[in-house]
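Visitor: Structure provided below as structure tokens; questions to follow.
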Amino acid sequence: MRRALRGGGVACFVGVLVGACAASQEGGGRTLDVLAAASVGEVFEQLADEFEAARPGVTVRLSVAGSPDLVAQVVEGAPADVLATADEATMARVTSDPSLGAGTPQAFATNTPALVVATGGAAAAGIGSLADAAAPGVRLVVCSPDVPCGDATARLAAAAGVELHPVSEELKVTDVLAKVTSGEADAGVVYTTDATAALARHPGSVRVVDVPEAAGIVNRYPVTVLEDSPEADLARAFVDLLTGPSGRAALAEAGFGAP
């Protein structure tokens, strides 16, 4: 059975844990380690199920986290066969280092930022623009500038000519969304796909406010195979699934744009 590992709870990371992870795989089937940006986590879980179903004995171990955390895992030597980040700049930290053995990255999706607003509270009720979300007294949450969604947020604010004043900066876009849906924040800047998923799971859980400049802020998602991995053939097959008809359909359904 596949285990999805999220955030800081990534097992088999460094040092003795890496040895323990390798030992746990001995005598069993084949394991494919896939590291994926938080915003594509649900799509990758769906594709991992499909991949496993077509290959008895193969387990996809999915690690979902912020893109910089994923890169840190690769650099520190965590098991990794496939790496998918939420922007090309973060991927370049891996592909620019020949010692990491990354293949040529391939874009598989695009995404744009979206402003989501909580459905309760007086401050949230008055938000009808990005400028409103930046007003005094509004609890705005965004991604940290160190992660792709934070960079997209900064570019969006610059394009809209708005100076943001967030009360917190999160390392994962899913954490921004969680704070808005739980009422901890009045508004947050997430990806369009996160807003789509929230409304699909719980209609009315958030309100999406149109920000015209968002259409021009596009993040391209690249994926690469770590060519030195012992499962490089499986890794290439997984990337083929991701970039093929099944993957494109799953990504489109989740709201991602074509690469």
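Visitor: If you scan the stretch 206-236, which residues turn out to be small (G, A, S) and within 27 Å of A159 (Cβ to Cβ)?
Guide: A214, A215, G216
Visitor: Going by the structure shown, is A72 assigned to a helix (DSSP H, G or I) and either out of contact with any helix residue (DSSP H, G or I) (no Cβ under 8 Å at 6 or more places or on another chain) or on the phi > 0 side of the Ramachandran plot (or both)?
Guide: Criteria met by A72.
Visitor: Turning to a different aspect of this structure: Check every one of the helices (runs of 4 or more DSSP H) wholly within the stretch 113-191 and list those with 2 or more residues that are in contact with a Pro (Cβ under 9 Å, 6 or more places away or on another chain) and among the charged types (D, E, K, R).
Guide: Filter on the stretch 113-191 gives 148-160.
Visitor: Name, by its number, the condition in (1) modelled with pLDDT under 95; (2) under 30 Å from D228 (Cβ atoms); (3) surrounded by 15 or more Cβ atoms within 10 Å (Cβ to Cβ) that does not hold for G121.
Guide: All conditions pass for G121, except number (2).
Visitor: Looking at the stretch 96-109, which of its residues are under 19 Å from the mean Cα position of the chain (by Cα) and surrounded by fewer than 17 Cβ atoms within 10 Å (Cβ to Cβ)?
Guide: Residues satisfying the conditions are Q106, A107.
Visitor: Further, regarding this structure: What is the residue count in the stretch 133-161 for residues that are touching a residue at least 24 places away in the same chain (Cβ under 8 Å) and either more than 30 Å from A72 (Cβ to Cβ) or not β-branched (V, I, T) (or both)?
Guide: Residues flagged as touching a residue at least 24 places away in the same chain (Cβ under 8 Å) and either more than 30 Å from A72 (Cβ to Cβ) or not β-branched (V, I, T) (or both) within the stretch 133-161 amount to 19.
Visitor: Next up: Within the stretch 57-69, is even one residue on the phi < 0 side of the Ramachandran plot, surrounded by fewer than 20 Cβ atoms within 10 Å (Cβ to Cβ), assigned to a strand (DSSP E or B) and in the same structural domain as A37 (by TED's automatic domain parsing)?
Guide: Looking through the stretch 57-69, at least one residue is on the phi < 0 side of the Ramachandran plot, surrounded by fewer than 20 Cβ atoms within 10 Å (Cβ to Cβ), assigned to a strand (DSSP E or B) and in the same structural domain as A37 (by TED's automatic domain parsing).
Visitor: Scan the stretch 126-146 and give yes if some residue there is aliphatic (A, V, I, L, M) and under 21 Å from V223 (Cα atoms), otherwise no.
Guide: There is no residue in the stretch 126-146 that is aliphatic (A, V, I, L, M) and under 21 Å from V223 (Cα atoms).
Visitor: Is there a residue being within 19 Å of P230 (Cα to Cα) and in a helix (DSSP H, G or I) anywhere in the stretch 34-45?
Guide: no
The values are calculated or read from the model by the stated rules, or taken from the named source; none is laboratory data. Computed from a prediction, not measured in an experiment: that's the story for all the values here. Every residue, glycine as well, gets a Cβ built from its backbone with ideal geometry; the counts of neighbours run over all protein chains shown.
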